[in-house]
Amino acid sequence: MSRIPGSRTGPEEGRPPRPTDVLVIGGGIIGLVTAWRAARSGMDVTVLDPRPGGGAARVAAGMLAAVTELHYGEETLLALNLESARRYPAFVAELEEASGQEVGYRACGTLSVALDADDRAHLRELHALQLRSGLESQWLSGRECRRLEPMLAPGVRGGLRVDGDHQVDPRRLTAALVTACERAGVVFRRAWAERLSVVGGRAAGAVLDDGSELAAGQVVLAGGSLSGRLAGVPPEVLPPVRPVKGQVLRLTVPVAFGPFLSRTVRAVVRGSHVYLVPRTNGELVVGATSEELGWDTTVTAGGVYELLRDAHELVPGITELPLTETRAGLRPCSPDNAPLLGPTELPGLHLATGHHRNGVLLAPVTGDVLAAALAGGALPAEAGPFTPRRFSSLSQEQPV
Amino acid sequence: MSDDRLVIADTAFDSRLIMGTGGAPSLRLLERSLIASGTELTTVAMRRVDPTVQGSVISVLTRLGIRVLPNTAGCFTAGEAVLTARLAREALGTDWVKLEVVADERTLLPDPIELLDAAETLVDDGFTVLPYTNDDPVLAQKLEDVGCAAIMPLGSPIGSGLGIRNPHNFSLITERAGVPVILDAGAGTASDAAFAMELGCAAVMLASAVTRAQEPVLMAEAMRHAVEAGRLAHRAGRIPRRHFAEASSPVTGLAALDPERPAF
């Protein structure tokens, strides 16, 4: 399939009287934040997507977990994650003001715990890495963990208290972005992009699935895990992004049970990762599997079982909660797990994709970076390591 | 091409290091690790990968020219394992399979009865079967008897990094086997891999030791050297162990460096 979210204006499509300044292909969280930021800086923006506000953020838990999700070899990405986390409060305030909607930002912190000696050793290693990286993270005994979160299983052997890893509700965030975009004059065309238009060696818009054309001064490809499949993009520019499936559950904490958990709780349970993200409205998100199965979004018995098994081991009381939703989404993942941000070798074409686990966290910094890139100025320094050119020059045969 | 190649079911390999792909931090690090390891044969869990997806693990292996060895990780019964192997054959066009049938999630130890059942079924169905097995010389013999193309005993549980816990069993297996014996699971660092080769293993298979190392690419390179060194040592033949010293320098006769001037 070569189609990726594009747009449709209505039954009859009229040729636009003049090209839009910026065409954003893909109206997920990354496309929306890009469109909003570009529109706020004075550009005419059109977003192409059959269902704006959809995509991976509909499924994501919304952890803003720069510190607890640190991995060896991802120190460069850490800097970007921290920078985006730092911008979150102001970003949320501005978005809530612009949209008149709340987005469920909750500065609740995270507790990452271990349930047996092996998992404890793993967590100790993570703690050492966090401290070496200058991050705030406090080691707690099992009892101290349970004093903070009494619903935790008695078997908890220790944990990391990370007060800087917060959460936001990605569904409310994308809904607010749609509203903010509309208020800022962004035009939504509800259709699929069939192919990128390239005129005179420059990205010039897109051909839609109804055959019509949309001309644009600049194009941003923000199609999530589908970004690597848009026809018409020169092969050396096509982002090497693949889908990584994640199954996520939603439970509901009845009012009488509250406060069930007061912060995000996560663990590695015998090698597999599980997290529970409690919202103020009673929603409890349990995630997530990580599967390389292409564009499959089936919810499987095994996926649900493993999540519930591990979550139950961590917080036994979840068995009493209504299971209100099971869903699978696709994380757009690049070969180095980091996003591709900014201009490509094809003049006029920018990328904003490959955010993997961090799309929600990286929304603020992505919006700012893309708005700066679209304005034609120098790319902000924090975006330097994430230029799409890091892949185009080496093609994919060479190691880096 | 060396004159000491690993041969499994009439297929020869220069590298005696078989890599796994599970737990890789990123596709790019996996790719660099595979290159550094020099591997020519790499396993992929068929339950976790759709081979048709572009940019996936399979396309990395294809690009690097590394032969894909599908495994049946995550199977608890012979029935599941046979089904998974058949789906893998259809999807990848290979009748090679690394057969794993584990008994429980906590230890991931092989279930010997289900394993032997599945091995027999798959061999009869035309598969080239490489079974992940306990370090049990009797079971190893039975797996060879039903027609497995190699025997892959564990040194210690998957991902434990505890090395080879029962070297004597490994010697018993390698001394009697008529097919290649490949250490599977347990290698934590380079010396474990070298030790396996010294014990007569034909190859070493590992994943976590590299993918979960702080510097996966460096560890992959270390493993390549360890396997080569251990193989050479095995072929060279170690010296007998002695209780007391035996001087390596001559103790009689003194060197006369200048024939004109005696040493004394």
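Among the residues of the stretch B:193-208, not a single one is hydroxyl-bearing (S, T, Y) and in contact with a helix residue (DSSP H, G or I) (Cβ under 9 Å, 6 or more places away or on another chain). The number of residues in the stretch A:275-298 that are more than 14 Å from chain B (Cβ to nearest Cβ) and either aliphatic (A, V, I, L, M) or under 28 Å from B:D104 (Cα atoms) (or both) comes to 8. Inside the stretch A:280-307, residues that are farther than 23 Å from A:G155 by Cβ, charged (D, E, K, R) and more than 18 Å from the chain's Cα centre (by Cα) make up a count of 2.
Given the criterion open to solvent by 50 Å² or more (accessible area, probe 1.4 Å) and assigned to a helix (DSSP H, G or I), identify the matching residue among A:E182, A:E136. Can you show your working first?
Details: A:E136 fails: assigned to a helix (DSSP H, G or I).
Just a single option satisfies the conditions, and that option is A:E182.
Please tell me if A:L32 is farther than 30 Å from A:V207 by Cα and either hydrophobic (A, V, I, L, M, F, W, C) or more than 14 Å from chain B (Cβ to nearest Cβ) (or both). Here the answer is no, as A:L32 does not meet what is asked. Of the residues making up the stretch A:260-274, those that are of a type in the set (D, E, K, R) and away from chain B (no Cβ under 13 Å) are A:R263, A:R266.
Looking at A:L351, A:L330, A:L341, which one is under 22 Å from A:G54 (Cα atoms), within 14 Å of chain B (Cβ to nearest Cβ) and either in contact with a strand residue (DSSP E or B) (Cβ under 8 Å, 6 or more places away or on another chain) or aliphatic (A, V, I, L, M) (or both)?
On the way: A:L351 fails: within 14 Å of chain B (Cβ to nearest Cβ); A:L341 fails: within 14 Å of chain B (Cβ to nearest Cβ).
Just one listed residue meets the conditions, A:L330.
Where strands (runs of 3 or more DSSP E) fall entirely within the stretch A:286-400, those with at least 2 residues that are touching a Gly at 6+ places or on another chain (Cβ under 8 Å) are at A:323-333, A:349-353.
What number of residues within the stretch B:129-162 satisfy the criterion of being of a type in the set (D, E, K, R) and in contact with a strand residue (DSSP E or B) (Cβ under 8 Å, 6 or more places away or on another chain)?
Going through the stretch B:129-162 one residue at a time, the tally reaches 3.
Which members of the stretch A:247-263 meet the condition of being more than 20 Å from A:C108 (Cα to Cα) and either at pLDDT below 95 or not assigned by TED's automatic domain parsing to the domain that holds A:G294 (or both)? Hit for the stretch A:247-263 is A:A256, nothing else. Filtering A:L131, A:L126 for residues that are under 29 Å from B:L29 (Cβ atoms) and either in contact with an Asp or Glu (Cβ under 7 Å, 6 or more places away or on another chain) or open to solvent by 60 Å² or more (accessible area, probe 1.4 Å) (or both) leaves a single hit, A:L131. Selection over the stretch B:148-197 of residues that are part of a loop (DSSP other than H, G, I, E, B) and either of a type in the set (G, A, S) or surrounded by 18 or more Cβ atoms within 10 Å (Cβ to Cβ) (or both) gives a count of 20. Scanning the stretch B:203-214 for any residue that is assigned to a loop (DSSP other than H, G, I, E, B), within 22 Å of B:E228 (Cα to Cα) and of a type outside the set (D, E, K, R) turns up at least one such residue.
Can you find a residue that is among the aromatic types (F, W, Y) and outside any loop (DSSP other than H, G, I, E, B) anywhere in the stretch B:227-246? Please lay out each step first, then the result.
Pass one, the stretch B:227-246, residues among the aromatic types (F, W, Y): B:244.
From what's left, outside any loop (DSSP other than H, G, I, E, B): none.
The answer is no; no qualifying residue exists.
Reported count of residues in the stretch A:202-232, each being farther than 21 Å from A:G367 by Cα, away from chain B (no Cβ under 14 Å) and either charged (D, E, K, R) or part of a loop (DSSP other than H, G, I, E, B) (or both), is 7.
When you go through A:E102, A:E97, A:E75 one by one, which is the residue that is within 14 Å of another protein chain (Cβ to nearest Cβ) and charged (D, E, K, R)?
Working: A:E102 fails: within 14 Å of another protein chain (Cβ to nearest Cβ); A:E97 fails: within 14 Å of another protein chain (Cβ to nearest Cβ).
Result: A:E75 is the single residue among A:E102, A:E97, A:E75 that is within 14 Å of another protein chain (Cβ to nearest Cβ) and charged (D, E, K, R).
Checked against (1) in the same structural domain as A:P380 (by TED's automatic domain parsing); (2) open to solvent by less than 10 Å² (accessible area, probe 1.4 Å), A:R357 meets all criteria but (2). Screening the candidates A:G159, A:G205, A:G224 for the property of being closer than 28 Å to A:D296 by Cβ and either modelled with pLDDT under 95 or open to solvent by less than 40 Å² (accessible area, probe 1.4 Å) (or both) yields one hit, A:G224. On inspection, A:Y88 passes the criterion of being among the aromatic types (F, W, Y), touching a residue at least 40 places away in the same chain (Cβ under 8 Å) and within 19 Å of A:G104 (Cα to Cα).
Could you list, in sequence order, the residues of the stretch A:262-285 that are in a loop (DSSP other than H, G, I, E, B) and more than 13 Å from A:L321 (Cα to Cα)? Scanning the stretch A:262-285 gives A:S262, A:R263, A:R270, A:G271, A:R279, A:T280, A:N281. Among the residues of the stretch A:235-259, the one identified as more than 14 Å from chain B (Cβ to nearest Cβ), over 30 Å from A:E320 (Cα atoms) and open to solvent by 30 Å² or more (accessible area, probe 1.4 Å) is A:E236. Considering the conditions (1) more than 20 Å from B:S26 (Cβ to Cβ); (2) within 14 Å of another protein chain (Cβ to nearest Cβ), A:L314 is excluded by exactly one of them, (2).
Conditions tested, residue by residue: (1) in a loop (DSSP other than H, G, I, E, B); (2) surrounded by fewer than 20 Cβ atoms within 10 Å (Cβ to Cβ); (3) of a type in the set (D, E); (4) in contact with a Lys or Arg (Cβ under 7 Å, 6 or more places away or on another chain).
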{"residue": "B:P25", "(1), (2), (3), (4)": "yes, yes, no, no"}
{"residue": "B:R63", "(1), (2), (3), (4)": "no, yes, no, no"}
{"residue": "B:G74", "(1), (2), (3), (4)": "yes, yes, no, yes"}
{"residue": "B:G79", "(1), (2), (3), (4)": "no, yes, no, no"}
{"residue": "B:V82", "(1), (2), (3), (4)": "no, no, no, no"}
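Restricting attention to the stretch A:99-119, report how many residues are in a loop (DSSP other than H, G, I, E, B) and either at negative phi or buried (at least 17 other Cβ atoms within 10 Å of the Cβ) (or both). Let's see the steps before the verdict.
If we filter the stretch A:99-119 for residues that are in a loop (DSSP other than H, G, I, E, B), which is where we start, we get A:100-105, A:107-109, A:115-116.
Within this subset, residues satisfying the condition of being either at negative phi or buried (at least 17 other Cβ atoms within 10 Å of the Cβ) (or both) are A:101-105, A:107-109, A:115-116.
Number satisfying all stated conditions: 10.
The values are calculated or read from the model by the stated rules, or taken from the named source; none is laboratory data. Given the structure is predicted, the values throughout are model-derived calculations rather than measurements. A quick note on method: Cβ atoms are made from the backbone with ideal geometry, for glycine too, and the neighbour counts reach across all protein chains shown. Side chains are part of the model used for accessible areas, which takes the heavy atoms of the whole protein and leaves out ligands, DNA and RNA. Shrake-Rupley method; radii C 1.70, N 1.55, O 1.52, S 1.80 Å.
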